[in-house]
Amino acid sequence: MVTGFFVYQMKPTAFNFPLCILLLGMILGIIGQDLLNKIGIAMSLLLSGIAVGGIYYCHFRLKKFLKETVFLAGMSLGILAYNIHYEPSDSKHYLHKLSPEKAYSLVGRIEHIKNRQVIVALEPTETANYKGKLVLYLKDTLREKALGQAILFHSKLSPIAPAQNPYQFDYKRYMEHQGIYWQGYPICYEIKDAPSFSPFIKAKQLQGYLAATLSHYPFSKDTVGVLKALVLGVRSDITPELYQQYINAGAVHILAISGLHIGIITYLLTLFISLVVPAHRKGVKIVLLLVFLLTYAAITGFSASVLRAVVMFGGYSIAYLAESRRARYDSLLLSAFILLLCKPTFLFEVGFQLSYMAVLSIALFLPLGEKYRFENRFLNFFWDIIKVSIAAQIGVLPLSLYYFHQFAGLFLVTNVLILPILGIILSVGIGVVLLSSIQLLPYWLIVCYEKALSLMNHIIGYIASVEQLVIRDVYFDTICLCFCYLAIVWAVIYLRARKVKFVYFFFLTLLSLQTYFFYLKYESGKKEQLIVFHQYKKTVIALQQGREAIFYLSDTLSVPQTLIKNFCTQQQVSNLHYKVLENIVPFKEDFLTIIDDKFYLDTSYPTHYLLLRNNPKIHLEKFLSNIRPKMLIADGSNYPFIIEKWKHTCQRLQIPFYETKIKPIIVTNDE
């Protein structure tokens, strides 16, 4: 029962404004260079030198701070950092030495294994001196002990294919940000035991060993899957059904080791160190904290998300132990600056964006809730969880809608029920993993931990079962994202400056966002288009008229759910229908004629667009002598060598030819 409140006014906490401006400039420099890639490394060095000289002149000569100079210095530094870490700028990179679609015998070192997919870093030999990373798809799965070993392989190499359908995840772009540009399917390969002294390889081997030892104990499948994900960052053993439940309950962040886990571990370590180390030995506290955090990062395989979180919370905790309130904000900015300096492409990783937006949002909005406290400590405990959850959600909600198009309405209930026990589950889980590695895990601890994780899974499953509060398929594009964060910026400035004009800016931004939504709804209502998608050995055609769409499928037993879901979300389709593929698909006043292996042509309809599917045995040149379509289309159900023949035929006859593997075919109401 609430017996009363006490209220206190918090003063705005200052932060390092020049560092903030420098970081913003650096972020824009990285984004610009990634999109355009127009400035070479020599020019970026020159620009950085000029910018540093400008800062020196303003600071020591003019004795004043010019934010424009600092911002330009950040931009030039971001461009320079991107160029330095851009691997193809090295003349020995395989992009400059090898030709695509040719077979080569190469040597590399295995850096990552995921089922049959392995990431290989090429190594120089006596006959070839190549650099760079490749992704190889093997015929069988390698064991974790192959990490760090040398692999000799013979394979044809080809560039990673771009996204072949609208609104599809751009795997090519993702791999480019990891420094991987080509892929191969080795005809033969050989693994050779070779010494590796990389700490990252050793950490991944340790992670694999610890995960393997858990399989020797009688945990249930769901329990061991969640335990590996929660403590070691290995999510491959979680069933798809259980993973979807965590998504629907708004708790999927529990299964991905990032800021939440490192934050909890940092908090527990800080409490423990404060108990055993005298208060005046701050240096010892900081060293012990960093050692423990790096040790935990090692058992998780030094994954990028964990290293980011360790740098972020390590810096924040140093500021806390140093009892510097301002340094906590500065440490957050400085950790982001250091991480982007070390690897600029971190900026494009969803985990990086979510982690920093969550922590920044908590730092900005949590003090507002500190004004209100209960006199009851028990109530205050849950009130703190609610405050932190809401503060973090303000920052990450726009990104969540942008990337995942889904919002869990019961996220607050999930956090209130799970977060109080998550610290215990996580700390005990670390103990379980360590004891299992030395074969000293007692049976009573197995039973207790099994029951604890089962309880957590049941809570998640019950919350996820309330389907009505899981908001799915939310359309949210880049413009919506910018409007939302602009509104948040106005809100933050108002809370700091307390000037009414920023309230006007805030509501004006929300009004603009609402107007944009109305515009999108209007545009989607009058859109008409015909799309031929690319699907391997299948044909998928969509006919959209306003907010209604019909999908024509050659295989109704295997529906490409992800493709259709993404299309309907992005096109704001509310009424969806499926039909078996027919030989004639009408579109406005035109007709799409489909010729398949049965080679049936319905001459009662004119042929405006011609689709060839499933390798029809026709003499195309003779066939086209009787009809003259606006375009000829070949989809993914045909053999590549046949498509190539059709392409040459159409070039001779000067008929537009389109292949869905290169680009999906979209016919709009404007054509």
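Since every read-out is calculated from the coordinates, none of them should be taken as a lab result. Computed from a predicted model, the values in this text were never measured in an experiment. Reconstructed Cβ throughout: ideal geometry from the backbone, glycine too, with neighbour counts over all protein chains shown.
Here the peptides 70-80, 640-650, 241-251 are ranked by packing, the mean other Cβ count within 10 Å, and the order with the highest first is 70-80, 241-251, 640-650. The alpha carbons of the range 203-295 stretch over 51, 30, 22 Å along the principal axes, in descending order. Comparing TYR94, LEU142, VAL120 along the charge dipole axis of the range 80-147, the residue lying farthest to the positive side is LEU142, per the Cβ-charge model.
A convex hull fitted around the alpha carbon atoms of the range 414-518 yields 181 Å³ per residue. Provide the net charge surrounding GLN164, with neighbours chosen by a C-beta distance below 12 Å and charges set as Lys +1, Arg +1, Asp -1, Glu -1. Residues near GLN164 contribute 0 overall.
For the pair SER465 and PHE382 in one chain, pulling the backbone fully straight at 0.36 nm per residue adds 27.5 nm over the alpha carbon distance. Dimensions of the chain along the principal axes, based on C-alpha atoms and rounded to the nearest Å, stand at 92, 67, 66, largest first. For every other residue with a beta carbon closer than 13 angstrom to the beta carbon of GLU659, add +1 if it is Lys or Arg and -1 if Asp or Glu, then tell me the sum. Charge balance in the 13 Å sphere: +3. The lysines whose alpha-carbon is closer than 22 Å to the alpha-carbon of LYS499, local same-chain residues fewer than 8 away aside, are LYS11, LYS371.
Ordering GLN244, GLY29, ILE460 by Cα displacement along the dipole of the chain toward the positive end leaves GLY29 in first place; charges were set at the Cβ atoms of Lys, Arg (+1) and Asp, Glu (-1).
Within the chain, DSSP assigns beta bridges of which about 70% are antiparallel (rounded to the nearest 5). Annotation for the range 563-591 versus the range 235-289: alpha-carbon center distance of 46 Å.
Think of the chain as a dipole: +1 on every Lys or Arg Cβ, -1 on every Asp or Glu Cβ, centred on the Cα centre; then among LEU434, VAL311, ALA229, VAL311 lies furthest on the positive end. Overall, the ratio between the Cα radius of gyration of the range 142-211 and 2.2 N^0.38 Å, rounded to two decimals, is 1.41.
Hydrodynamic analysis of the range 547-671 uses the Kirkwood radius over alpha carbon pairs. Inserted into Stokes-Einstein at 20 °C and 1.002 mPa s, it gives a translational diffusion coefficient of 136 µm²/s. Fully extending the segment from LYS622 to LEU434, taken as 0.36 nm per residue of separation minus the present Cα-Cα distance, adds 60.4 nm. Using 0.36 nm per residue and subtracting the Cα-Cα separation, the extra length available between ALA103 and ILE424 on full extension is 110.2 nm. At q = 0.31 Å⁻¹, what is the log10 ratio I(q)/I(0) for the range 456-495, with the Debye formula run over Cα points and no solvent? Summing over Cα pairs of the range 456-495 leads to -0.98. Relative to the Cα centre, the charge distribution of the range 81-226, modelled as +1 at Lys and Arg Cβ and -1 at Asp and Glu Cβ, gives a dipole magnitude of about 120 debye. For the chain, the dipole from Cβ point charges (+1 on Lys and Arg, -1 on Asp and Glu) about the Cα centre works out to 1580 debye, to the nearest 20. The Kirkwood hydrodynamic radius of the range 480-616, based on inverse pair distances between different Cα atoms, is 18.2 Å.
Rg over Rh for the range 36-169 works out to 1.16, using Cα positions for both radii and the Kirkwood form for Rh.
Say a paramagnetic label sat at a point 7 Å from the Cα of CYS188, along Cα to Cβ; which residues of the range 123-160 have their backbone N under 12 Å from it? Answer for this model: 153-155. Measuring r between the beta carbons of TYR167 and LYS579 and using R0 = 22 Å, the FRET efficiency lands at 0.55. Using the Cβ-Cβ distance between LYS501 and LYS588 with R0 set to 41 Å, the FRET efficiency works out to roughly 0.25. Note on LYS538: aspartates and glutamates with a C-alpha under 20 Å away, same-chain residues under 8 apart excluded, are ASP555, GLU582, ASP596, ASP597, ASP635, GLU644, GLU659. The PHE518 and LYS647 beta-carbon pair, evaluated with R₀ = 60 Å, returns a calculated FRET efficiency of approximately 0.85. Could you name the aspartates and glutamates whose alpha carbon sits less than 16 Å from that of LYS228, not counting residues in the same chain fewer than 8 places away? Cα-Cα hits under 16 Å: GLU144, ASP237, GLU450.
Summed over qualifying helices (DSSP H, 4 residues or more, each -39500 (n - 2.57)) and divided by its residue number, the chain shows a 222 nm mean residue ellipticity of -17000 deg cm²/dmol.
Rg/Rh for the range 259-376 stands at 0.99; both radii use Cα atoms, and Rh follows the Kirkwood definition. For the residue pairs LYS145/LYS172; LYS521/LYS663; LYS92/LYS192; LYS38/LYS102; LYS145/LYS204, the C-alpha atoms sit more than 18 angstrom apart in LYS145/LYS172; LYS521/LYS663; LYS92/LYS192; LYS38/LYS102.
Across the range 479-557, Cα-Cα pairs farther apart than 16 Å form 66% of the total.
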